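The values are calculated or read from the model by the stated rules, or taken from the named source; none is laboratory data. Worth saying up front: this structure is predicted, and the values here are computed from it rather than measured. As a convention, Cβ positions derive from the backbone with ideal geometry for all residues, glycine included, and neighbour counts pool all protein chains shown.
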Amino acid sequence: MEGTKKYMNSYLAGVLLGIVILFSFYLTREGLGASGAFKRVGAEIVNVVAPSHTHAADTYSSKYFKDGKNPLKNRLVFMILGVFIGGFISGAIAGRLKLKVEHSPKITSKKRLVAALIGGALFGIGASFGRGCTSGAGLDGMAVLATSGFVVVAAIFGSGYIFAWLFRKLWI
C-alpha cells in the first residue's frame, strides 16, 4: 500500500479528544458542541437578509442579538472555524487534500450527494429537537459521567447501525 497516507490511530485520537473536552471544561466551564455555532451563523444570515425580523421580540434569532451582542463573537463559532482550518491543514500535510465524492460503484456521485444532504439535514433537525448536537449531548455528557451522555451515545450508535444496514446500498 505504498503511496497511501495513514490516518491517526483511532485510540490515540479518542484520548486526545477526551483531553480536549476536559480542557474545554477547565478553561471555559463549558464542553464542546457544533450545533450552537451553526445556529449563530444562521441567526447572522437572517439578520443580514431581514434585520427587522431578527430584532422582533419573539423571533428565534432575536435572543442572539440582545443587548447589542454579535452572535458570531462566541467561542463555538471560533471552535468550528478551528475545526475547518485544522482539517484543511491536516489534509494538506497528509496529501489527502483533493475534491472527490466517495461512493459505491453501484450509485452515482449525484445520488450519494443527495443522500448525504438529506442525512445531514435530518441530523441537523434532530440536533435542534434535542437542543444540541451529538458532541454536546454525548461526549460532554460522558465526560462528566452523566447517565444521559451514555444513553445518548448508545442511541446514536444503535440507530447508526440500524440505518447503516437499511441504507447500505449507498456505500456497498
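When GLY36 is evaluated against the numbered criteria (1) at pLDDT 85 or above; (2) touching a Leu at 6+ places or on another chain (Cβ under 6 Å), which criterion, by number, is the only one it fails?
So GLY36 meets the others, but not (1).
For THR108, which of the numbered conditions (1) over 19 Å from the mean Cα position of the chain (by Cα); (2) outside the structural domain of CYS133 (by TED's automatic domain parsing) fails to hold?
Answer for THR108: the failing condition is (2).
Which condition number in (1) modelled with pLDDT of 85 or more; (2) of a type in the set (Val, Ile, Thr); (3) loosely packed, with under 11 Cβ neighbours inside 10 Å is the one that VAL153 fails?
Failed condition: (3).
Checking the condition more than 19 Å from PHE25 (Cα to Cα), surrounded by fewer than 13 Cβ atoms within 10 Å (Cβ to Cβ) and within 15 Å of the chain's Cα centre (by Cα), which residue from PHE167, PHE84, PHE78 passes?
PHE84
Output the residues belonging to region 47-83 that are within 19 Å of GLY33 (Cα to Cα) and hydroxyl-bearing (Ser, Thr, Tyr).
Answer for region 47-83, where residues must be within 19 Å of GLY33 (Cα to Cα) and hydroxyl-bearing (Ser, Thr, Tyr): SER61, TYR64.
So is LYS66 free of Cβ contacts under 8 Å to residues at least 12 places away in the same chain, among the basic types (Lys, Arg), surrounded by fewer than 12 Cβ atoms within 10 Å (Cβ to Cβ) and closer than 28 Å to VAL46 by Cβ or not? Spell out the reasoning first.
Working: free of Cβ contacts under 8 Å to residues at least 12 places away in the same chain: yes; among the basic types (Lys, Arg): yes; surrounded by fewer than 12 Cβ atoms within 10 Å (Cβ to Cβ): yes; closer than 28 Å to VAL46 by Cβ: yes.
Answer is yes for this residue.
Could you list, in sequence order, the residues of region 1-55 that are of a type in the set (Val, Ile, Thr), part of a helix (DSSP H, G or I) and more than 23 Å from the chain's Cα centre (by Cα)?
Those that are of a type in the set (Val, Ile, Thr), part of a helix (DSSP H, G or I) and more than 23 Å from the chain's Cα centre (by Cα): VAL48, VAL49, THR54.
Are there any pairs with C-beta distances below 6 angstrom linking a residue in region 4-23 that is closer than 24 Å to GLY95 by Cα to a residue that is assigned to a helix (DSSP H, G or I), with the two at least 6 apart or on different chains, and if so which?
These pairs meet every condition: LYS5/ALA94.
Please work out which one of (1) in contact with a helix residue (DSSP H, G or I) (Cβ under 9 Å, 6 or more places away or on another chain); (2) in contact (Cβ under 8 Å) with a residue 40 or more places away in the chain is the condition GLY95 fails and give its number.
The one condition GLY95 does not meet is (1).
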